[in-house]
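Encoded as structure tokens, the structure appears first; notes follow it.
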Amino acid sequence: MIDRTDPAGAIAAAAKRCSNWGRWGPDDVRGTMNFLTPEKRKQGASLVRRGVSFSLSQSFDANGPQKGWRRRTNPVHTMLDTGTDAAAGVQGFPHGIGGADDVIAMPLQCSTQWDGLGHIFDHGIAWNGRRAADVVTSLGDAVTGIETVASVVAGRGVLLDVGRHLSPGGELADGFAITEEHLAATIAAQGSAVGRGDIVLVRTGQLTRARRNGWGDYAGGPAPGLSFTTADWLHRTEIAAIATDTWGFEVRPNEFDDAFQPLHQVAIPHIGLFLGEMWDLDALAEDCAADGVYDFWLTAAPLPITGAVGSPVNPIAVK
């Protein structure tokens, strides 16, 4: 049960119960990605049966969900050289060759992305008990920058289609809190298993609704998502990472009277868990429902942007 009036107490208690500090030594920078071992990667690769692949990324363009909150905007794509420049002969190249170039400017967490371990702090403390001020400065995350896991995020993916399991329409209502019991029921209904080193994908159906009705308050507004009470499940299962099709991973409004993303406050700095947000799981979910197979090879490497606290990603699931 949650005492809605005591977020500080609940966060502190969960942080103590679920802490992985020191588990991989005082210098660790990879957190739960340590669970994704070469053996787990081999297991994931063996799940390729049909060779069909799915991109789990939303588009990166001006039509995205962002509304400017905390300077988060949608991508701005600008052409530097174009076909019209080539046709006009103004590019200065010899013997008729021409080309096109472009540039993009965007927040690293404006569309499908990973939260890195330097993204969230608890009372000024970052992952593994380090002082946040010693980890992330104006120069970036000098300790747990997203580049530290750029080579390891590939293995066994498991889809938990909670929206399809719990709702006849396949879409959970905004504000629906997904509990450990809901996760367990979905796993049982699918005949799936979740364990150490897995990358878990939770489909709520909110992106399906936003795609049909328009973005509305998708970015930062009410949403289905994981309950704060799932912190112990996230810790106990020893998963490597978890991603959802929502803006903020956890249920919104949050389950306390005065709180902002309390599950993040436990999961990232204490569990050392990588969180994915705004993943497009719909096409994969349709295929999984059709063939009854909910695990697959998943590669989801972040861009190795030195010192970044998050990264865009184009996850690929292969069945």
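The values are calculated or read from the model by the stated rules, or taken from the named source; none is laboratory data. Just so we're clear, the structure is a prediction, and the values are computed from it rather than from any experiment. No Cβ is skipped: glycine too gets one built from the backbone with ideal geometry, and neighbour counts run over all protein chains shown. Side chains included, ligands, DNA and RNA excluded: accessible areas come from the protein's heavy atoms. Shrake-Rupley method; radii C 1.70, N 1.55, O 1.52, S 1.80 Å.
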Report whether or not A300 is under 26 Å from G145 (Cβ atoms) and either over 11 Å from the mean Cα position of the chain (by Cα) or at pLDDT below 95 (or both).
-> no
Within region 170-189, can you find the residues that are more than 16 Å from L281 (Cα to Cα) and surrounded by 21 or more Cβ atoms within 10 Å (Cβ to Cβ)?
-> F176, I178, L183
Within region 106-135, restricting to residues that are farther than 14 Å from L275 by Cα and assigned to a strand (DSSP E or B), the one that is least open to solvent (accessible area, probe 1.4 Å) is D122
Which residue, of A259, A290, A267, A285, is of a type in the set (G, A, S) and buried (at least 24 other Cβ atoms within 10 Å of the Cβ)?
-> A267
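Can you tell me which residues in region 147-169 are touching a residue at least 12 places away in the same chain (Cβ under 8 Å), open to solvent by 10 Å² or more (accessible area, probe 1.4 Å) and in a loop (DSSP other than H, G, I, E, B)?
Selection gives A150, S151, V152, S167, G169.
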Based on what the data block shows, is L298 farther than 30 Å from A12 by Cβ and open to solvent by less than 10 Å² (accessible area, probe 1.4 Å)?
-> yes
Has region 137-146 got any residue that is within 30 Å of V48 (Cα to Cα) and either in contact with a Ser or Thr (Cβ under 6 Å, 6 or more places away or on another chain) or part of a loop (DSSP other than H, G, I, E, B) (or both)?
-> yes
Matching residues, region 282-319, being closer than 22 Å to G169 by Cβ and not in a helix (DSSP H, G or I) | G292, Y294
Collect the residues in region 49-100 that are free of Cβ contacts under 8 Å to residues at least 24 places away in the same chain, within 30 Å of W215 (Cα to Cα) and of a type in the set (F, W, Y), keeping them in residue-number order.
-> none
Residues of region 194-223 classified as part of a loop (DSSP other than H, G, I, E, B), small (G, A, S) and either without any contact (Cβ under 8 Å) to a residue 60 or more places away in the chain or touching a Pro at 6+ places or on another chain (Cβ under 7 Å) (or both), total = 6
Somewhere in region 99-112, is a residue modelled with pLDDT under 95 and in contact with a helix residue (DSSP H, G or I) (Cβ under 8 Å, 6 or more places away or on another chain)?
-> no
Name the residues in region 19-77 that are at positive phi and surrounded by fewer than 15 Cβ atoms within 10 Å (Cβ to Cβ), would you?
-> G22, G25, G51, G68, R70, R71
Before we move on, is G175 under 16 Å from the mean Cα position of the chain (by Cα), in contact (Cβ under 8 Å) with a residue 12 or more places away in the chain and farther than 27 Å from S46 by Cα?
-> no
Could you please give the count of residues in region 222-248 that are among the aromatic types (F, W, Y) and surrounded by fewer than 23 Cβ atoms within 10 Å (Cβ to Cβ)?
-> 1
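Search region 173-193 for residues being outside any loop (DSSP other than H, G, I, E, B) and among the small types (G, A, S), and hand back the single one that is nearest to I239 (Cα to Cα).
Within region 173-193, the match that is nearest to I239 (Cα to Cα) is A184.
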Residue within region 85-97 that is within 29 Å of Q58 (Cβ to Cβ) and at pLDDT 95 or above present | no
